[in-house]
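For reference, the structure discussed in these notes is given below.
Please treat every number below as a calculation from the coordinates, not as lab data. Note that the coordinates shown come from a computational prediction; the quantities given were computed from them, not determined experimentally.
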Amino acid sequence: MEARRDIFQAIADPTRRAIIALIALQAMTPNAIAEHFDTTRQAVSKHLRILTECELVQQEHKGREIYYQLEIDKMKEIDKWLEQFRKIWEDRFDNLDKLLAKIQQK
């Protein structure tokens, strides 16, 4: 049995992040997506396959064309995971702001 791909490995690739950004606004065919990249259609298809395996994108068949669209619920899972760190970052920035304000008062 093949292990399911890790969602964070999938979004680590800059091309896949760019594909996600493209299809976040509207569903697109692989050819339309490939037009935005200086790479082969086959390379884009491989990226789409990885994103599909991670359930970050889903396919919709319309006639003879396949359209890829972003799976928003899966993106929410990523955001939920990041949320646990957001509070830590915000607290550290708040502390830095307080320190800078104290230094400027001197």
| Excluding same-chain residues fewer than 8 positions from residue 74, which aspartates and glutamates have a Cα within less than 19 Å of its Cα? | 6, 13, 53, 55, 60, 83
| task | Select from 20, 33, 88 the residue whose mean-square fluctuation is largest in a Gaussian network model of the chain (Cα-Cα springs shorter than 10 Å). | result | 88
| When the chain is fully extended, how far beyond the present Cα-Cα distance does residue 73 get from residue 92, taking 0.36 nm per residue of separation? | 3.9 nm
| remark: Row for segment 1-47, column shape: gyration tensor on C-alpha, a ≥ b ≥ c, rounded if a/c < 1.5 i.e. under 1.5, prolate if a/b over b/c, else oblate; value prolate
| Where does helix 41-53 land angle-wise versus the long Cα axis of the chain, in degrees 0 to 90, nearest 10? | 70
| remark: Taking the convex hull of the alpha-carbon atoms of the chain and averaging its shadow over every direction gives an area in square nanometres of 10.1
